[in-house]
Amino acid sequence: MGRRIAPLTLDNLGDLPTGCRSCVFWELDPVSAKEAVESGKPELEKEGWISTVLLEWGSCGRIVYVDDRPAGCVLYAPPAYVPRSQSFPTSPVSPDAVQLMVSRVLPGYQRQGLGRVLVQTVAKDLIGRGVRAIEAFGSAGRVPTGCVLPADHLLAVGFKTVRPHPRYPRLRLEARTTLSWRGDVEGALERLLGGGRKEPALRPF
């Protein structure tokens with residue numbers, strides 16, 4: 001089974017899972033997001049957002065492929081590019097952190113460790129860019145909230161709660177703590193990539 005992880009670009013934007021491709025929950029403020037959906041232009045807004053972030057900041061996502069089929073994705077960006085984050089009761093995201101917006105593995109590919117590896121890949125990318133931490137808003141409680149990641153999932157992949165809330169806690173993963181994952185990351189990537197090109201090892205700042 002061939003597996004690989006690729007940076008998100010405008011060329012593979014169409015490989016985002018159904019729903020994520022046209023979702024602008026994080027990329028726009030609530031009013032603009034509603035207008036985009038009502039006008040039937042959320043995909044154009046999504047493409048415009050990704051293009052802007054790529055040009056101004058750099059890589060903002062990863063897609064994992066299994067046998068050349070998209071199996072999941074992760075999106076992340078500095079809080080200045082994520083206007084919806086200001087609407088949360090536990091905002092703002094810390095100025096030294098990048099926000100993890102979306103982390104999704106499609107049904108049929110879950111419970112294979114892909115979600116954890118995607119987060120680890122983000123951490124490794126950000127360490128190389130001098131970013132201190134990743135933060136995310138979690139959804140607590142029995143009923144998940146749309147595009148907000150389950151808090152339990154974030155805790156399971158190493159995040160710690162920095163601002164508690166009964167519904168939307170804010171969680172944080174220190175970049176330096178991922179250095180202890182070096183063996184785990186390399187081993188997981190080796191299994192995922194099936195003997196293909198291995199990602200470079202984690203390095204300290």
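The values are calculated or read from the model by the stated rules, or taken from the named source; none is laboratory data. Just so you know, these numbers come straight off a predicted model, no measurement behind them. Note that each Cβ is placed from the backbone with ideal geometry, even for glycine, and that neighbours are counted across all protein chains shown. Note: accessible area is taken over every heavy atom of the protein model, side chains too, but ligands, DNA and RNA are not part of it. Shrake-Rupley method; radii C 1.70, N 1.55, O 1.52, S 1.80 Å.
Data table
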read-out	value
Cα centroid separation, the range 90-133 to the range 154-169 (Å)	14 Å
Heavy atoms of residue 129: accessible area, 1.4 Å probe, square angstrom to 10	80 Å²
Positive-end residue, the range 1-121 charge dipole about Cα centroid, Cβ charges, pick of 20, 60, 70	70
5 angstrom amide H check on residue 72, placed H, neighbours 5+ away	64, 106
HN-Hα J in Hz across the range 36-48 - Karplus 6.51, -1.76, 1.60, θ = phi - 60°, x for Gly and Pro	5, 5, 5, 8, x, 10, x, 5, 5, 5, 4, 4, x
